[in-house]
Amino acid sequence: MATNTDSTLIKRVRLEAQLAELALEDAQSELNRKKSQLTVQQFERSLDELATYLQHEREQELQDRIAEVNRKAAQLAQIKALAAQHTTVPVSGADMAAFVADLGRTLDVAWDKEGREIDQAESRRLYDAAFRRAYDRQHPGGYDHCQCDGHRSLRREPR
Ligand SMILES: [Zn+2]
């Protein structure tokens, strides 16, 4: 038969067990809270990385566009300079032929230059992944099929 002391002891042990169980539940929910906090932080870090990556891609694309516009502007300036050298309207067939030959040489030089630049870009795309992503978007079909001036020049197609 249980004495008063025994039943008090049993109550105390049960109470302590309940307290331990509550402490365990607390620890468990604290652990879960920390886990979800960590997941949110990881997610935020991933978003930051993605934002940085997209920003880099946009800047690369913008730089490529600027370079393209500058290249075209330089070609146009060359052609304007050439036109300025021929101050008189060609009057004879010979004048006209000389002008056309001059213009042809200027355009050939520009054509070869575009081909050389694309050649360098084709090499760079082999080792620069960020460059390759932007470059491949701007040159659909790549080396064999892209129809830009640089690739056509590189394939030795007529200007
Ligand atoms: Zn191209």
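Data overview
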| item | result |
| --- | --- |
| FRET efficiency, 1/(1 + (r/R0)^6) with R0 41 Å, evaluated for Tyr143 and Tyr53 via beta carbons | 0.95 |
| Global geometry of the chain, whether rounded, prolate or oblate, following the gyration tensor of its Cα atoms and the 1.5 cut on a/c | prolate |
| For the chain, with +1 on Lys and Arg beta carbons and -1 on Asp and Glu, the positive-most of Ser7, Ala110, Gln28 along the dipole | Ala110 |
| Furthest towards positive pole of dipole, Gln78, Gln63, Tyr135, structure part the chain, Cβ charges | Gln78 |
| Separation between Cα centres of the range 1-70 and the range 97-119, rounded to whole Å | 64 |
| Gain on full stretching of the segment that runs from Tyr127 to Ser92 - 0.36 nm per residue minus C-alpha separation | 7.2 nm |
| Cα-centred dipole magnitude for the chain, charges only on beta-carbon of K, R (+1) and D, E (-1), debye, nearest 20 | 100 |
| Whole-number Å³ per residue for the convex hull built on Cα positions in the range 1-64 | 33 |
| Cα-centred dipole magnitude for the range 87-144, charges only on beta-carbon of K, R (+1) and D, E (-1), debye, nearest 20 | 320 |
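Every number in this text was worked out from the coordinates using simple rules, so none of it is lab data. Since this is a predicted model, take the numbers as computed values, not measurements. Every residue, glycine as well, gets a Cβ built from its backbone with ideal geometry; the counts of neighbours run over all protein chains shown.
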